[in-house]
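S.K.: Quick one: the structure is below, questions incoming.
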Amino acid sequence: MTGLREIICSTQGAIDLQINGALGIPFNDLNDDRAAKLPEICRFLYQQGLDGFLPTLVTASIEQFHRSLFFLAKAIAHQKQNPDPHEAKILGVHLEGPFLHPDKRGAHPQQHLLPLNLDTLRQVLGDYTDIIKLVTLAPELDPSGETIQYLRDRQIIVSLGHSTANAEQTRMAIAQGATMVTHAFNAMPSLHHRDVGLLGEAILSDRVWCGLIADGIHVSPETIKLLYRMKKQIFLVSDALAPLGLPDGTYPWDDRQITIQNGTARLPDGTLSGTTLPLINAVNNLIEWGICEPENAIKLAIEAPRLAMNLEIDQDAPQRLTWCSYSFSCPAPPHFKSVRTSWGCEVN
């Protein structure tokens with residue numbers, strides 16, 4: 001058997017806008033001991049190819065939100081004062097909840113879901129408005145749209161998700177300032193030929209970016225191919241949970257447990273709750289499934305998240321990821337040979 005390595009391109013690191021934890025540490029349940037491991041997590045994520053990420057806090061009590069936000073604010077301030085070139089940068093915080101529709105809550109605990117109005121929104125944001133960069137919410141919970149306007153006035157990006165919103169409600173939310181959809185297809189109505197719904201309106205709008213979990217379980221490869229053909233503004237997310245970096249098994253998750261099998265996380269009742277697959281693996285999946293050309297798949301993890309967050313793309317940033325194809329040729333009698341190609345990313 002012979003092998004051939006071909007370099008596709010070199011890029012700066014990736015950006016993950018939805019990651020719930022790593023190395024056994026859940027971002028939405030931090031305390032002194034767990035927060036002390038944030039620098040280790042940042043170094044681990046850097047080694048996995050990330051330049052930056054948004055720690056994502058899933059639905060919990062307001063007290064738990066504020067405790068985690070306190071420690072994340074300290075970690076962000078420490079990174080700014082003591083920059084480490086070998087750490088993934090904490091770009092801010094993504095609140096995925098608690099303003100979600102109960103019927104589309106997925107793995108989010110129902111007892112901590114809250115009505116969406118200015119009073120509850122201010123309570124949840126607390127004194128941490130400056131570090132919260134992204135909020136996922138169900139727009140139908142606030143027909144007035146004043147909460148979307150409140151967030152946008154504070155430069156917080158609004159993403160629609162865990163929602164039952166129909167097309168009209170979604171159009172209103174987009175007009176009010178929503179510019180993202182959280183994990184497209186998951187925790188929202190399916191596309192329907194009489195009502196395109198939340199996702200259909202997002203696909204039709206050039207203002208809206210769609211986050212996508214490309215593990216092959218949350219969304220099938222065929223459906224991803226359809227989305228890619230219909231929509232230009234797509235970015236990849238890992239939706240990785242605290243066991244990222246740990247082997248498959250059963251782990252605590254708030255007061256419940258999740259089981260990780262082949263990188264997919266489920267609650268005991270089978271509800272999907274996330275992954276433990278690194279973001280870079282999602283790029284490889286798109287290439288392996290023939291969704292798009294390698295250069296375009298790579299952009300969905302490198303350039304697209306930056307554009308979706310209005311982050312400056314530094315053309316002079318270190319090109320520390322080397323994307324390669326590996327071709328293996330195996331003799332196979334009687335008169336032909338088998339060629340297999342795989343894809344990978346080398347982190348420098």
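The values are calculated or read from the model by the stated rules, or taken from the named source; none is laboratory data. This one's a predicted model, so the numbers in the text were calculated from it and none came from an experiment. Note: ideal-geometry Cβ built from the backbone for every residue, glycine included; neighbour counts use all protein chains shown. Ligands, DNA and RNA are excluded from the accessible area calculation, which covers all protein heavy atoms including side chains. Shrake-Rupley method; radii C 1.70, N 1.55, O 1.52, S 1.80 Å.
S.K.: Tell me the residue from HIS78, HIS66, HIS94 that is at pLDDT 95 or above, of a type outside the set (A, V, I, L, M, F, W, C) and more than 29 Å from VAL347 (Cβ to Cβ), please.
M.R.: On the way: HIS78 fails: more than 29 Å from VAL347 (Cβ to Cβ); HIS94 fails: more than 29 Å from VAL347 (Cβ to Cβ).
Result: HIS66 is the single residue among HIS78, HIS66, HIS94 that is at pLDDT 95 or above, of a type outside the set (A, V, I, L, M, F, W, C) and more than 29 Å from VAL347 (Cβ to Cβ).
S.K.: PRO305 passes all but one of (1) under 24 Å from SER205 (Cα atoms); (2) open to solvent by 10 Å² or more (accessible area, probe 1.4 Å); which number fails?
M.R.: So the condition that PRO305 fails would be (2).
S.K.: Determine, yes or no, whether ILE41 is surrounded by fewer than 19 Cβ atoms within 10 Å (Cβ to Cβ) and of a type in the set (A, V, I, L, M, F, W, C). Before you say what the answer is, go through the steps one by one.
M.R.: Values: surrounded by fewer than 19 Cβ atoms within 10 Å (Cβ to Cβ): no; of a type in the set (A, V, I, L, M, F, W, C): yes.
Answer is no for this residue.
S.K.: Same structure again: Scanning for something in contact with a helix residue (DSSP H, G or I) (Cβ under 9 Å, 6 or more places away or on another chain), free of Cβ contacts under 8 Å to residues at least 40 places away in the same chain and under 24 Å from ALA308 (Cα atoms), does region 236-257 turn up at least one residue?
M.R.: no
S.K.: Inspect all residues belonging to region 269-281 and state whether any of them is over 19 Å from the mean Cα position of the chain (by Cα), open to solvent by 10 Å² or more (accessible area, probe 1.4 Å), without any contact (Cβ under 8 Å) to a residue 24 or more places away in the chain and farther than 23 Å from VAL181 by Cβ. Can you show your working first?
M.R.: First, the residues of region 269-281 that are over 19 Å from the mean Cα position of the chain (by Cα): 269-270.
When the remaining residues are screened for being open to solvent by 10 Å² or more (accessible area, probe 1.4 Å), the result is 269-270.
Those still in the list that are without any contact (Cβ under 8 Å) to a residue 24 or more places away in the chain too: 269-270.
Subset that is farther than 23 Å from VAL181 by Cβ: 269-270.
Within region 269-281, one or more residues are over 19 Å from the mean Cα position of the chain (by Cα), open to solvent by 10 Å² or more (accessible area, probe 1.4 Å), without any contact (Cβ under 8 Å) to a residue 24 or more places away in the chain and farther than 23 Å from VAL181 by Cβ.
S.K.: Restricting to region 62-121, give me the number of residues that are farther than 22 Å from ALA265 by Cβ, open to solvent by 40 Å² or more (accessible area, probe 1.4 Å) and charged (D, E, K, R).
M.R.: Looking only at that region, the number is 7.
S.K.: Hey, another quick one. Restricted to region 285-302, and to residues that are open to solvent by 20 Å² or more (accessible area, probe 1.4 Å) and over 15 Å from ILE224 (Cα atoms), which residue is farthest from the chain's Cα centre (by Cα)?
M.R.: GLU295
S.K.: From the set of residues in region 175-199 that are of a type outside the set (S, T, N, Q) and in contact with a Pro (Cβ under 9 Å, 6 or more places away or on another chain), which is farthest from GLU96 (Cα to Cα)?
M.R.: Going through region 175-199, the residues of a type outside the set (S, T, N, Q) turn out to be 175, 177-178, 180-181, 183-185, 187-189, 191-199.
Now narrow it down to the ones that are in contact with a Pro (Cβ under 9 Å, 6 or more places away or on another chain): 178, 195, 197-199.
Details: ALA178: 14, ASP195: 25, GLY197: 20, LEU198: 17, LEU199: 17 Å.
If we take residues in region 175-199 being of a type outside the set (S, T, N, Q) and in contact with a Pro (Cβ under 9 Å, 6 or more places away or on another chain), then ASP195 is farthest from GLU96 (Cα to Cα).
S.K.: Of the numbered conditions (1) farther than 16 Å from LYS231 by Cα; (2) free of Cβ contacts under 8 Å to residues at least 24 places away in the same chain, PRO189 fails exactly one; give the number of that condition.
M.R.: (2)
S.K.: What pairs come up if the first residue lies in region 211-227 and is in a strand (DSSP E or B), the second is of a type in the set (Gly, Ala, Ser), and their beta carbons are under 6 Å apart, counting only those six or more places apart or on different chains?
M.R.: From region 211-227, the pairs are LEU212/ALA184.
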